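Working notes, beginning with the structure itself.
Derivation of every value follows stated rules applied to the coordinates shown; laboratory data play no part. None of the values given here were measured: they were computed from a predicted structure. Cβ sites come from the backbone with ideal geometry, for glycine too, and all protein chains shown count toward neighbours.
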Amino acid sequence: MKVLIVIAALVAYAAAQSCPNIVSRAEWGARAPTGITYLNLPVPFVVIHHGASGSCSTQAGCSDIVRSYQDQHMDVNGWSDIGYNFIVGGDGNVYEGRSWDKVGAHAPGYNSQSIGICFIGTFTSSTPASSAINAAQQLIACGVGQGNVAGAYSLIGHRQAVTTECPGDALYAEIQGWPNWDANP
């Protein structure tokens, strides 16, 4: 019994070590959500997006953009919060959106069974900075390690859920080489 406890503790420790730096909602100045629906974990899908916005390279600049996404989603779209579960900045940080356990508003047909990860910027002709790509891949591994994302998850681009150019041609081509890419979800 003690061996199992030690192994479980080591697995949990390893999972925590693989997590990227996550800037909390309080740190980026999030508004409170107007409603919450919880996910059944672990989710079987990870959906990649781009914000189709300007880029950022500092926590202050990225926080400004994340707040603008939340304002758009809540004030214009009428959603209860920012649509994404996490947002990845050009500064290499991950910004907490709805987090691991809440249903997002980012990919029709997949919201209640996925984690939505958005890269800040527009990635039609170039890919995100390597620090951002590494942070996103580390975030997915963290989610698997913590039991929030299924080990056999399917990775897709937003355009596979709905007709859109998101996550941009360059980023879409990039994610096709990532683990668990699913061409036919």
With the first residue restricted to region 131-148 and required to be within 13 Å of S18 (Cβ to Cβ), and the second required to be assigned to a helix (DSSP H, G or I), Cβ contacts under 6 Å at 6 or more apart or on different chains are G145/A15; Q146/A15
List every residue pair whose Cβ atoms sit under 8 Å apart, with the two residues 6 or more apart in sequence or on different chains, where the first one lies in region 31-59 and is closer than 15 Å to D81 by Cβ and the second, anywhere, is aliphatic (A, V, I, L, M).
R31/M74; T34/M74; T37/V103; Y38/V103; L39/V103
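If I ask for residues that are of a type in the set (D, E, K, R) and surrounded by fewer than 23 Cβ atoms within 10 Å (Cβ to Cβ), which ones from region 92-104 would you list? Talk me through it step by step, then tell me what you get.
Going residue by residue through region 92-104, those that are of a type in the set (D, E, K, R) are 96, 98, 101-102.
E96, D101, K102, listed by residue number.
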Which count do you get for residues in region 161-185 that are closer than 15 Å to T124 by Cα, of a type outside the set (D, E, K, R) and either under 16 Å from the mean Cα position of the chain (by Cα) or assigned to a loop (DSSP other than H, G, I, E, B) (or both)?
8
Identify, by number, the condition in (1) in contact (Cβ under 8 Å) with a residue 12 or more places away in the chain; (2) over 14 Å from P20 (Cβ atoms) that E96 doesn't meet.
(2)
Take the residues of region 36-56 that are small (G, A, S) and surrounded by 14 or more Cβ atoms within 10 Å (Cβ to Cβ): which is nearest to A105 (Cα to Cα)?
G51
Restricting attention to region 160-171, and to residues there that are closer than 16 Å to A183 by Cβ, touching a Pro at 6+ places or on another chain (Cβ under 7 Å) and not small (G, A, S), which single residue is surrounded by the fewest Cβ atoms within 10 Å (Cβ to Cβ)?
Q160
Candidate set: region 124-138, residues that are of a type in the set (V, I, T) and not in a helix (DSSP H, G or I); chosen: the one surrounded by the most Cβ atoms within 10 Å (Cβ to Cβ)
T127
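Within region 60-70, which residues are in contact (Cβ under 8 Å) with a residue 24 or more places away in the chain and more than 16 Å from E96 (Cβ to Cβ)? Steps first, please.
Quick first cut of region 60-70, residues in contact (Cβ under 8 Å) with a residue 24 or more places away in the chain only: 61-63, 65-67, 69-70.
Scanning region 60-70 gives a single hit, G61.
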